[in-house]
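Bear in mind these aren't lab numbers, they're just calculated from the coordinates by the rules spelled out. Only a predicted model underlies this, so the values are computations on that prediction, with no experimental measurement involved. Glycine gets a Cβ as well: all are built from the backbone with ideal geometry, and neighbour counts include every protein chain shown.
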């Protein structure tokens, strides 16, 4: 059963109840029942359909990219060209242009990040899945923490721990008096706000996108079945769901890109000493 | 259905299990991509760059070769031109030489012809003179004998007289024009013979 189907049964349940009206989808959307549950070392793992979608999306990404890279030659096939263009976009546009001359070694990480987020985002409009694993906070959080660890590690490695933390706390060129304000803000920003916003931005976009789609889809279904004059508004709600799907497509690409480009920017700050 | 579980859940506090699943999944994805996909693309980019650079180098080499060939050709052309000019000059000089040689030869020939003509003329004249000498001698003796009325038996004396006379004649004509030519003042006999 899909989550929409869940919601639908909820709505129909409400419909059968004579006093009920439209029931908006709740956060329960993101907590489907576990298909399989187990516990290791006291940690509970529950494999829900969202986790299955997560694995399927990741596997699809791997298969797709492996296919594009298979038999890669100087003169690319159409499939190879697609994978290659995606990699070039990250490699040249971010690793080389954003991070700088030292950026190329980060291209594989950035490209992996981009495609991982992109394919998982895409699940939000993929038929029958229609929910992105990135709308579960755990996934963006994992990615943001990995990025956080990476840029701090690179910063310490490239600039030395003392220099890195000193530059983070006391940005060069700031008047001493302003440091009372700047230092806490800077420290908070580099070590807390950056990873948090990185994770929340992606999560919230996918979360809200899913909610919007569900609201309009359920709205259309409800209006069709309400049995009074409101039926005329059903196509409107359906049209909105359609428009929102295309909007979601834009968000899917945009958020994958933004996450990757911000990662590149943070890495740039770590590789290049502050001026 | 599971609204009770959902209501108690904070979406910003994910369960640890999900975090672990997410970490492992991303790690696997990253390692597969970093091992099997991105290096292939890097390899292709490198090969492509090398192919392009190789192509440029080849084109440069070909251009240099073409330039060298053109220069060689132009040099050959210039050489051929000078050679042609040299040949022309030589031919002209040779022609001039041949012309001069021919002229000299013609002059020589004409001089030779003239000389031969003169020789022949001189020989003819000598012959005529010799003939005339005999005839004039006989005629003169005959005439003198008739005028004197006596026969001069003594041939030795006679020939001596005649010879003396002729020598006198000769001496006269040699005195007038030694080469026997164009002498307007010579004896009438001699002048007639010359004609």
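Some values worked out for this structure:
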item: Convex hull volume of the stretch A:168-237 per residue (C-alpha atoms, cubic angstrom); result: 129 Å³
item: Gap separating the Cα centres of the stretch A:154-211 and the stretch B:63-111, nearest whole Å; result: 90 Å
item: Relative contact order of chain A, pairs being alpha-carbon contacts under 8 Å that are 6 or more residues apart, as %; result: 22 percent
item: FRET efficiency, 1/(1 + (r/R0)^6) with R0 56 Å, evaluated for residue B:73 and residue A:169 via beta carbons; result: 0.15
item: Sites residue A:197 and residue A:41, calculated FRET efficiency, Cβ-Cβ separation with R0 22 Å, nearest 0.05; result: 0.10
item: Alpha carbon Rg of the stretch B:18-115, scaled by the compact-globule rule 2.2 N^0.38 Å; result: 3.29
item: Angle in degrees between helix A:3-16 and the longest Cα principal axis of chain A, rounded to the nearest 10; result: 30 degrees
item: Cα-based Kirkwood hydrodynamic radius, the protein assembly as shown, one decimal, Å; result: 33.3 Å
item: Estimated inter-spin distance, residue A:79 and residue A:104, nm [label 7 Å along Cα→Cβ]; result: 2.8 nm
item: Extension reserve of the residue B:13-residue B:34 stretch, reckoned as 0.36 nm per residue once the Cα distance is removed; result: 4.5 nm
item: Per-pair calculated FRET efficiency, R0 = 41 Å: residue A:233 and residue B:50 via Cβ, rounded to 0.05; result: 0.05
item: Kirkwood-based Rg to Rh ratio, the stretch A:81-127, C-alpha trace; result: 1.08
item: Estimated inter-spin distance, residue B:112 and residue B:81, nm [label 7 Å along Cα→Cβ]; result: 4.8 nm
item: 10 °C / 1.306 mPa s Stokes-Einstein diffusion coefficient of chain A, Kirkwood radius on C-alpha pairs, µm²/s; result: 74 µm²/s
item: Label-to-label distance, nm, for residues given as residue B:105 and residue B:125 (7 Å Cα→Cβ offset); result: 3.3 nm
